Each structure stands twice: as structure tokens, then as C-alpha cells.
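*Asks:* Please read through the structure below; I'll follow up with questions.
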Amino acid sequence: MKIAVVGKGGSGKTTTAAVLARTYARRGHETLALDCDTNPNLGISLGLGEDATEALVTVRDALDAGEEEHASSADDLVERFGATAPDGVRLAVVSAIQNPEPGCP
Amino acid sequence: MRVAFVGKGGAGKSSLAGTFARVLAAAGEQVLVLDSDPMPGLALSLGVPSVDTGLPDDAVEEYQEGGRRRYRLRSGLTGQGAVEQYAVAGPDGVRFLQLGKARGPRWDNSRPHWAFQRVLDDLPGDDWSIVGDLPGGTRQPFMTWGRYARTYLVVVEPTPASLLSGRRLARLAASRGTPQVLAVANKMRQPDDPDRVAAGTGLDVLGAVPFDPAVAEADRQGRALLDAEPAAPAVAAVRSLVEALRSREAPS
């Protein structure tokens, strides 16, 4: 099963995604939660805590850093740069914009 | 006054920005309201009936530069002219300009988007106040879509996710050319909530807006808060924000 949660700002996407992920995990499914927001907060809703959420290295940054050997697969990326949230949900953050620079909307 | 509202999705940017602009306009100022969110929202909070009024495709013309296709305002059209011609008139005399809404993957939004950018590069002068509403999150604020602002107002709720977003947005303060970044503590329920916002974001708090069911009710009705409930506590708080910012933003 692959689900993407979308909607207007403030409508409850992150909360919905987090509850879905933990519910599937509790039912015994292996669950990956992907935070694709450039202002990633899914960790907080999953119950990972503020500090751990802020400390997550984004997969994109990990790819750009170029200091480590390339991960061999998507599974490897999630394994190396993800975090484990309550109920065993694995969380990975795709990209975050850290600092101001010009660009598209 | 030139202000841009930023913050996490759902923090209350549009409700506050719409009310803020109306309060300024009702005080007799010429106010241009800028909505660069590709999802509808600010029109309703402002009390403008049309939710999708982006700039027309022919506001810009194509030209080549270094072998690349680029867009500029069409010959003879200035930013001020685009505002006069295309900004929608709203209640209390506000003028409202939108980025234009996302029309689906098969629709090319690039001309309205470039037109909006070019107007941002050539906004009317200091006899206008400008109130902008940016989409939730850090993407647009970090990509200079609020570059007209003399003040960024980061709208923050007393929740960890909103505080974390506020902390990220506080990095705007460290970037060049941004004179002022302040927090607005929104949906306050406890006396120490504004202190939590100050501590959690590291920003000065311009003012606090109480949790007010009238805001949610106005949203539910699709009406401007100022029209639905002019005596609401949140409206009074926004009036205080306007006054507080008047004394903090350098006179233009």
C-alpha cells in the first residue's frame, strides 16, 4: 500500500499521515513514513520528539554531501538517514530548505 | 508599512493578514494586498468574492536572454500600472493582487507567475502600504517571494511543530536585506504562551492574538473576520498589532 496525503495548509495532512502510519504499524505492517514537506514536521506528529525531528538529515542533503559512499538502494538510504518512531514506524525526510536563496514558488 | 506574513500551514497567516490589511485600509491608507499562495485563502479572509484572479497571460512578454526564454512586463506596462489595471478592489478600498491559483498539471502557470514576480520587482512607492500573505512553510519565504517586506511577521501557535517552523523562519532574520523579523503569537490560550513563542523561536514578539472561536466561525462561513464579527477579540488584537508595528517599522 502506498498513500500520499495532500491538502491545503492547516487542514491536517501531517496529523492524518502520522496517525495512518502508526495505525498500520500497530497492525503489523512494515511502515515507512516519508516527509516530503520542505518544512518537515512529520516527526513531531509521529511522536519522535522535537529535537530528533530537527536533527534528521534529509535524504537529499545526504546525497549532496558526497563524503560518504553512495547508498546502494532506496532501502539503504532509509536505513542510514531515517529514524525509528514509536510503533516501529520508519521515518525519512526527503528535502528541507534550510536557508534563504532565490527560486521558484 | 510593508509586511509579509509567514508561518506554518494553519498558523493563521491569512486570517491575520486579511484583517490586518482591512484595518490599515479603514484607517485611510492605500493598501495593496499580495497573495502568492497558489491555493485559495486570503481572498476570503479579506472579503473579496473572487478567489482566483491571477494576472493575465498577456501581462508579460517573452524575450530571449543568453539563449534562454525569459519574461518581462509587456511593453508600456509598469508594476504600478499592473496594480491599477489588474488588482481587484476589495472592501475598505484595499487592492488585491494574486499569484493565480494552480490550475492542474496540464495548465501552464508560468506567465501569471512571472507577471507576479515582475510586479514584485516594480511595486508602487511609499504612498502605498503593502501586506503580503505567503504560503505555509519555509519554501517561498526562503526563496525571496517576500522580498518587498520591511517586516516579516512569523505567525506562530504555541505548538511544537509551529515553534519549530518559526525557528526555521527566524533564519530570515540572519539573511541580507531583511530589516526586521518579528513573531506574532497566535491562538494563545495560556498567559505564558507568548513567552513560549519568544523562547521557542528566538524572535521578538510583536503582539499576541488570543484563541478566538470567531476566527474559525468566519472561516467556516467563508467570510472576512472583520465582516463576520467586527467586535471579536482577535480583531482587537490585530488592531494592536497594527499600532505596535507602526511604532517599530521605520517611517518610510
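The values are calculated or read from the model by the stated rules, or taken from the named source; none is laboratory data. All values derive from a computational prediction rather than experimental measurement. In this analysis, Cβ positions are derived from the backbone assuming ideal geometry, glycine residues included, and neighbour counts consider all displayed protein chains.
*Asks:* Looking only at segment B:3-31, which residues are under 19 Å from B:Ala170 (Cβ atoms) and away from chain A (no Cβ under 14 Å)?
*Replies:* Listed by number, the list holds a single entry, B:Val3.
*Asks:* Now for a different question. Filtering segment B:109-132 down to residues that are more than 14 Å from chain A (Cβ to nearest Cβ), under 28 Å from B:Ser247 (Cβ atoms) and not hydrophobic (A, V, I, L, M, F, W, C), which residue is nearest to the chain's Cα centre (by Cα)?
*Replies:* Taking the candidates together, the pick is B:Ser129.
*Asks:* So, A:Leu34, is that one away from chain B (no Cβ under 14 Å), within 19 Å of A:Gly12 (Cβ to Cβ), at pLDDT 75 or above and touching a strand residue (DSSP E or B) at 6+ places or on another chain (Cβ under 7 Å) or not? Before the answer, list the steps.
*Replies:* Working: away from chain B (no Cβ under 14 Å): yes; within 19 Å of A:Gly12 (Cβ to Cβ): yes; at pLDDT 75 or above: yes; touching a strand residue (DSSP E or B) at 6+ places or on another chain (Cβ under 7 Å): yes.
Spelling it out, A:Leu34 is indeed away from chain B (no Cβ under 14 Å), within 19 Å of A:Gly12 (Cβ to Cβ), at pLDDT 75 or above and touching a strand residue (DSSP E or B) at 6+ places or on another chain (Cβ under 7 Å).
*Asks:* Does segment B:89-96 contain any residue that is surrounded by 15 or more Cβ atoms within 10 Å (Cβ to Cβ), within 13 Å of the chain's Cα centre (by Cα) and within 14 Å of chain A (Cβ to nearest Cβ)?
*Replies:* no
*Asks:* Quick one: which of A:Glu79, A:Glu68 is modelled with pLDDT of 80 or more, surrounded by fewer than 17 Cβ atoms within 10 Å (Cβ to Cβ) and among the acidic types (Asp, Glu)? Please lay out each step first, then the result.
*Replies:* Numbers: A:Glu68 fails: modelled with pLDDT of 80 or more.
Just a single option satisfies the conditions, and that option is A:Glu79.
*Asks:* Which condition does A:Thr23 not pass, out of (1) away from chain B (no Cβ under 11 Å); (2) outside any helix (DSSP H, G or I); (3) at pLDDT 90 or above, if it passes all the others?
*Replies:* Going through the list (1) away from chain B (no Cβ under 11 Å); (2) outside any helix (DSSP H, G or I); (3) at pLDDT 90 or above, A:Thr23 breaks only (2).
*Asks:* I've got another one for you. Scanning segment B:36-57 for residues that are away from every other protein chain (no Cβ under 14 Å) and surrounded by 22 or more Cβ atoms within 10 Å (Cβ to Cβ), which turns out nearest to the chain's Cα centre (by Cα)?
*Replies:* B:Leu46
*Asks:* Conditions first: (1) more than 27 Å from B:Pro210 (Cα to Cα); (2) in a strand (DSSP E or B); (3) not polar (S, T, N, Q). B:Lys101 passes all but one, so which condition is the exception?
*Replies:* (2)
*Asks:* For segment B:58-69: of the residues being in contact (Cβ under 8 Å) with a residue 12 or more places away in the chain and either within 13 Å of another protein chain (Cβ to nearest Cβ) or not in a helix (DSSP H, G or I) (or both), which is surrounded by the fewest Cβ atoms within 10 Å (Cβ to Cβ)? Show your work before the answer.
*Replies:* At the first step, the residues of segment B:58-69 found to be in contact (Cβ under 8 Å) with a residue 12 or more places away in the chain are B:58-61.
If we keep only those that are either within 13 Å of another protein chain (Cβ to nearest Cβ) or not in a helix (DSSP H, G or I) (or both) as well, we get B:60-61.
Details: B:Val60: 25, B:Glu61: 13.
The qualifying residue surrounded by the fewest Cβ atoms within 10 Å (Cβ to Cβ) is B:Glu61.
*Asks:* Among the residues of segment B:208-230, which ones are surrounded by fewer than 22 Cβ atoms within 10 Å (Cβ to Cβ) and assigned to a loop (DSSP other than H, G, I, E, B)? Even if it seems obvious, please write down each step before you answer.
*Replies:* First, the residues of segment B:208-230 that are surrounded by fewer than 22 Cβ atoms within 10 Å (Cβ to Cβ): B:208, B:210-211, B:213-214, B:216-217, B:219-223, B:227-230.
If the condition is that a residue be surrounded by fewer than 22 Cβ atoms within 10 Å (Cβ to Cβ) and assigned to a loop (DSSP other than H, G, I, E, B), then B:Phe211, B:Gly222, B:Arg223, B:Glu229, B:Pro230 are the ones that fit.
*Asks:* Further question: Considering only segment B:241-252, how many residues are closer than 15 Å to B:Val155 by Cβ and surrounded by fewer than 17 Cβ atoms within 10 Å (Cβ to Cβ)?
*Replies:* Within segment B:241-252, residues that are closer than 15 Å to B:Val155 by Cβ and surrounded by fewer than 17 Cβ atoms within 10 Å (Cβ to Cβ) number 1.
*Asks:* Next up: When residues of segment B:136-179 are filtered for being at pLDDT 90 or above, more than 18 Å from B:Ser240 (Cα to Cα), more than 9 Å from chain A (Cβ to nearest Cβ) and not in a loop (DSSP other than H, G, I, E, B), how many remain?
*Replies:* 2
*Asks:* I'd like the full set of residues that are over 14 Å from the mean Cα position of the chain (by Cα), farther than 25 Å from A:Leu48 by Cα and crowded, with 24+ Cβ neighbours inside 10 Å, limited to segment B:133-166.
*Replies:* Correct list: B:Phe142 only.
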